[in-house]
Amino acid sequence: MPAMFAAWNLLKSDFLAARWLAYVAMKGLVPETGSYSDTLDYGKYGTGQSVLIIAQKATLDVLDKIAAAATDYLGLSGNPRKVYFRSRWHVMDVKERRMFASPLQWQPEVENEICLGNAGLIALSELAYDYAGGYLRSKKEIRDSATHRLIVLHEMLIRDKSNPVDFLERYTEYDFERLLVESLQVARAALFYFHESVTTHERRLRRDIGEVPVLSVPSHHLIRGEDSNIQGLTPEE
């Protein structure tokens, strides 16, 4: 079975897991098993708040995984284990690897695929550009904070009430939930764009090669006997 089937299963399940974490946290369904000190600044602490932060990180981790899968599937340059969504598609500045080269240009293999008609790859690269330094950058910054620093969620933020500390970042719980929903929308869009780029590539291969065998792909749950009512799926379905 081509590795892309496993990759797509994992990308989809990772996104669904992040979305489920966001849902149970927002609905207050996460059980609490600890007790915490009050910081007297309307800070909220507990497993529910931590699950919100973990969901934000897990949601945007999907983007880097899409970059890894695309690198392998499309035969792009670079090690799939060391690529990142923000820098996968465009040429980066030689001296400053965190900056895009000027003028902005696609990496050669990406440009070649796009010139062959892969519109899904255009959408992915534009999304990555906005994520790296455009209007979506705030989502990336919160993801980095959730990974490397500490985030405190508050009922309300009161100026001069909380001590400014470099390793702490503060948001109202309402604002953070809104950002999390927006991040889920970004990841969902990226999954659709990636799916479209793979579909477009496969259609071109079929057109160029001619008649190719059809691979019948059964349901994972049916094979494992988890749901006898699920029917096998073919690529067309």
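Read-outs: derived from the displayed coordinates by stated rules, not from any lab. Since we're looking at a predicted model, the values are computed, not measured. Because the Cβ atoms are built from the backbone with ideal geometry, glycine has one as well, and the counts that use them run over all protein chains shown.
Taking Cα pairs under 8 Å and at least six residues apart, what relative contact order does region 3-223 come out at, in percent? Can you show the working numbers first?
Details: 240 pairs, mean separation 50.5, N = 221.
Reported as a whole number, the value is 23 percent.
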Open item on the list: If you build the convex hull over the alpha carbons only and average its shadow over all orientations, what do you get for the chain? Give it in nm² to one decimal.
Closed with: 16.9 nm²
TODO: Provide the gained length on full extension for the span S138 to L16, in nm with one decimal, where the gain is 0.36 nm per separating residue minus the Cα-Cα distance.
DONE: 41.7 nm
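Give the relative contact order (percent, whole number) for region 101-203; include only Cα pairs under 8 Å separated by 6+ residues.
Details: 66 pairs, mean separation 35.2, N = 103.
With pairs under 8 Å counted, the relative contact order is 34 percent.
Where does the chain land at 222 nm, in deg cm²/dmol rounded to the nearest 500, when only DSSP H runs of n ≥ 4 count, each adding -39500 (n - 2.57), divided by all residues? Spell out each step's value before the answer.
Working: 7 runs with 128 residues, N = 237.
-18500 deg cm²/dmol, from helical runs alone.
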TODO: Work out the FRET efficiency for R149 and R178 from their Cβ-Cβ distance, taking R0 = 22 Å, and round it to the nearest 0.05.
DONE: 0.60
- [ ] Could you state the angle between the C-alpha long axis of helix 3-26 and the longest principal axis of the C-alpha atoms of the chain, as a value from 0 to 90 degrees rounded to the nearest 10?
- [x] 20 degrees
- [ ] Please list the radius of gyration and Dmax for region 161-221, considering alpha-carbon atoms only, with Å as the unit.
- [x] 22.2, 69
Task: Proximal aspartates and glutamates to K12, defined as alpha-carbon separation beneath 18 angstrom and excluding residues fewer than eight positions away on the same chain - done: D61, D64, D72, E182, E196, E237
Open item on the list: Can you tell me which of S125, S138, S216 moves the most in a GNM of the chain? Springs connect C-alpha atoms under 10 Å apart.
Closed with: S216
Open item on the list: How big is region 1-139 along each principal axis, measuring the range of its Cα positions in Å and listing the largest first?
Closed with: 56, 41, 24
- [ ] Pull up all non-local amide H partners of K44: gap of 5 or more, or a different chain, and H-to-H distance under 5 Å with H placed in the peptide plane.
- [x] L153, H154, E155
Open item on the list: Given R₀ = 30 Å, what would the calculated FRET efficiency be for R98 paired with R204, taking r from the Cβ atoms and rounding to 0.05?
Closed with: 0.35
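If contacts are Cα pairs under 8 angstrom and at least 6 residues apart, what is the relative contact order of region 74-150 in percent?
Working: 49 pairs, mean separation 18.3, N = 77.
Dividing the mean separation by the residue count of region 74-150 yields 24 percent.
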